[in-house]
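Asker: First the structure, then my questions, so here it is.
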Amino acid sequence: MRGYLARDEAIPGFIRMPVVREEQLPEGGWSLYPGGRPNVNLTVKAYYAMRLAGLAKTDPSLRKAEEMARQLGGIEATNSFTRIYLCLFGQYDWRDVPAIPPEIVLLPSFAYINIYEVSSWSRAILVPLSIIYAFQPVRKPPAGAHLRRWFRGTRSRPRGFVPPNAPLYSWKTLFHTAFHTADWTLSALEQKKWTPLRGKALETAELPARDVARPRSSATVLLAEDDPDLRSVICRILRDAGYAVLEASDGDAAARIAAERSGRIDALVTDVRMPHMNGWELGRILRSRDPALRVLYISGYPEDGTSRHLERGDAFLPKPFSVDGLRARLRSLLDSNSMA
């Protein structure tokens, strides 16, 4: 990717060819882990990286790599990520990769399919890829650095909606048909440029990146949570975001910490239902000492979010919540204080 973003003459300088060659297996491919078998995706990408770096296709190591890639199924056997990388250099057609429209970020969290139902690492790949897919950039590679001979058959996407050798009426057929119908429809809309929500989708997709680019917070947060495991997780999340965190195992301990502290506490994050002093009582006591204090209440009982105890300057976050959800809610709370 660094090579893709560099100037034409600078591509070879970004590829550490000796390192790539050292990892090549005796049979000609590359594996995903030490001792593993050759992997077609890594083999294709490693081969093309060395071609971009200027290594001639007649080099013995590249001849072995091409032979191994063909044995593994060629480009037709690669996954969608590899094909998208090849699209960037014009070695594959954007029209023939699965549609990844950025409009997926606009689907609400209660929708059956939405980006919050996938793992965080998958989301971190899916959203950037959707932005790339929206623009479908192509950079002309150096002369001769092409993979035209690697295609064993057609480059086009499969047109059949029923998987081969599968019963006509089965869950496999139903899922396969639904997926390919959706993919074909989205691809057709993309080619027709019928994307009225594209601008809003791109703006929404870019929000997390803008958020990461913002300066890390220097605010002090008092955390009151009686569950030690959850308290430890929340502390780590907030400290990773740059907050100074004061820990308390219950409401009484939090009140003592606040009373003994000489410095300012910018926000209180407290569980609502704790033994002895609950979160509502704790928030009321600390707010009486500092009216500017922001309070974020967290609870596994959604009905607490409609409580009459919530005041101006308060926010509620139901459990369970995501890392991004906690950070976003707290940041929003503190930002509202700074704008007041």
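Asker: If r is the Cβ-Cβ distance from Arg289 to Leu32 and R0 is 41 Å, what FRET efficiency results, to the nearest 0.05?
Answerer: Result of the calculation: an efficiency of 0.15.
Asker: Next up: Would you mind ranking His309, His276 so that the residue whose beta carbon has the fewest other beta carbons within 10 Å leads the list?
Answerer: Ordered from fewest to most neighbouring Cβ atoms within 10 Å, His309, His276 come out as His276, His309.
Asker: Express in nm, to one decimal, how much length is gained between Lys140 and Phe321 on full extension, taking 0.36 nm for each residue of separation and deducting their alpha carbon distance.
Answerer: Full extension from Lys140 to Phe321 adds 60.7 nm.
Asker: Quick one: what Rg and Dmax do you get for the stretch 35-84 from the alpha carbons, in Å?
Answerer: Values for the stretch 35-84 (Cα only, Rg and Dmax): 10.7, 28 Å.
Asker: Cα extents of the stretch 50-159 along the three principal axes, largest first, in whole Å?
Answerer: 54, 27, 26
Asker: With an 8 Å Cα cut-off and a minimum separation of 6 or more residues, compute the relative contact order for the stretch 2-156 in percent.
Answerer: Taking the mean separation of contacting Cα pairs over the length of the stretch 2-156, I get 22 percent.
Asker: Cα-Cα pairs above 26 Å in the stretch 220-339: how many percent?
Answerer: More than 26 Å apart: 8 percent of the Cα pairs in the stretch 220-339.
Asker: Please give the FRET efficiency for Arg264 paired with Ser80, using the beta carbon to beta carbon distance and R0 = 51 Å, rounded to the nearest 0.05.
Answerer: The computed FRET efficiency comes out at 0.50.
Asker: Please give the Cα centre distance for the stretch 47-125 versus the stretch 233-269, rounded to the nearest Å.
Answerer: 45
Asker: If neighbour count is taken as other Cβ atoms inside 10 Å, put Ser262, Ser218 in order from fewest to most.
Answerer: Ser262, Ser218
Asker: Right, here's the next one. Pull up the cross-link candidates among the lysines for Lys140, meaning alpha carbon to alpha carbon under 19 Å and not fewer than 8 places away within one chain.
Answerer: The reachable lysines, counting only those whose Cα sits under 19 Å from Lys140, are Lys45, Lys57.
Asker: Which of the aspartates and glutamates could be linked to Lys64 by a straight reach, that is with a Cα gap under 20 Å, when you skip same-chain ones fewer than 8 residues away?
Answerer: Glu22, Glu23, Glu27, Glu76
Asker: Moving to a separate point now. Could you pull out every one of the lysines with an alpha carbon less than 20 Å from that of Lys192, ignoring same-chain neighbours closer than 8 positions?
Answerer: Straight-line reach from Lys192, under 20 Å: Lys200.
Read the figures in this text as sums done on the coordinates, not as results from a lab. Predicted, not measured: the structure shown is a model, and the values here were computed from it. Positions of Cβ are generated from backbone atoms using ideal geometry, with glycine treated the same way; all protein chains shown enter the neighbour counts.
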